[in-house]
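Novice: Before anything else, here's the structure in question.
Every number in this text was worked out from the coordinates using simple rules, so none of it is lab data. In this text, all values refer to a predicted model and were calculated from it rather than measured experimentally. Neighbour counts are summed over all protein chains in view; Cβ atoms, including those assigned to glycine, are modelled from backbone coordinates with ideal geometry.
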């Protein structure tokens with residue numbers, strides 16, 4: 001029988017992801033539903049999970065699961081009237097989140113301000129191109145050609161600016177808080193395995 005090992009680093013990273021994702025719900029429930037559309041923690045959570053979970057399953061599963069759980073709450077409450085329209089779009093959003101985690105794993109192997117800014121810009125572009133493909137595809141509001149897709153991308157620019165702002169702000173909170181915690185609690189530092 002295998003024994004479960006308590007890993008304080010993983011537990012701390014997971015709790016931070018859950019807390020910051022809960023803020024997404026609090027902000028959405030306490031404002032006009034579309035006022036903060038895309039000003040979200042999901043980009044920062046994806047980068048954070050990719051950067052700090054060394055296990056690939058956890059790195060991808062926990063950010064995607066936190067998004068799924070918060071979406072479940074939102075789509076059964078205040079976004080209920082949009083559920084049918086959003087189901088196809090959400091598949092592309094989840095694909096974008098998985099790609100964002102990959103960016104975190106690749107670009108944030110060494111955490112620096114430059115790497116964090118560059119990865120934030122990269123995931124904003126991923127979110128814009130991949131998520132908006134879902135908004136454009138088979139949507140009668142846009143022609144189903146390159147010009148229609150471009151029109152969709154242009155209309156999404158204000159939302160992507162909010163996504164960038166949200167990712168920057170939540171990213172500073174997540175990464176900054178974890179780095180402070182690591183400096184105070186050495187048990188949170190990545191342990192190298194000895195053979």
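Novice: Counting only C-alpha contacts under 8 Å and six or more residues apart, can you give the relative contact order of the range 8-180 as a whole percent?
Specialist: 31 percent
Novice: Tell me the label only: which of (i) 16.2; (ii) 13.4; (iii) 12.6 is mean projected area of the Cα convex hull in nm² as calculated from this structure?
Specialist: Step by step, mean projected area of the Cα convex hull in nm² for this structure corresponds to label (ii).
Novice: Going by C-beta contacts inside 10 Å, put 11, 101, 130 in order with the fewest on the left.
Specialist: In increasing order of surrounding Cβ atoms, one gets 11, 130, 101.
Novice: Another question about this same structure. Please give the length that would be gained between residue 179 and residue 162 if that part of the chain were fully extended, namely 0.36 nm times their separation in residues minus their C-alpha to C-alpha distance (nm, one decimal).
Specialist: The span from residue 179 to residue 162 would gain 3.6 nm if fully extended.
Novice: Note the angle between two axes, namely the Cα long axis of helix 146-155 and the longest principal axis of the Cα atoms of the chain, as a number of degrees from 0 to 90, rounded to the nearest 10.
Specialist: Tilt relative to the chain: about 70 degrees.
Novice: Does anyone have the angle between helix 113-126 and the longest principal axis of the chain? Alpha-carbon axes, 0 to 90°, nearest 10?
Specialist: 30 degrees
Novice: Something else about it: Please order 5, 155 by the number of other Cβ within 10 Å, starting at the fewest.
Specialist: On the way: 5 6, 155 14.
So the residues, fewest neighbours to most, are 5, 155.
Novice: With the Cα gyration tensor of the range 81-160 giving a ≥ b ≥ c as the square roots of its eigenvalues, does the rule (a/c under 1.5 for rounded; else a/b larger than b/c for prolate; else oblate) give rounded, prolate or oblate?
Specialist: Judged from the Cα gyration tensor, the range 81-160 comes out prolate (a/c at least 1.5, a/b above b/c).
Novice: What does the helix-only formula give at 222 nm for the chain: each DSSP H stretch with n ≥ 4 adding -39500 (n - 2.57), the total divided by the residues, and the result rounded to the nearest 500 deg cm²/dmol?
Specialist: -23000 deg cm²/dmol
Novice: Follow-up question, since we're still on this one. I'd like the orientation of helix 157-184 relative to the chain: the angle between its Cα long axis and the longest Cα principal axis, in ° from 0 to 90, rounded to 10.
Specialist: The two axes meet at around 10 degrees.
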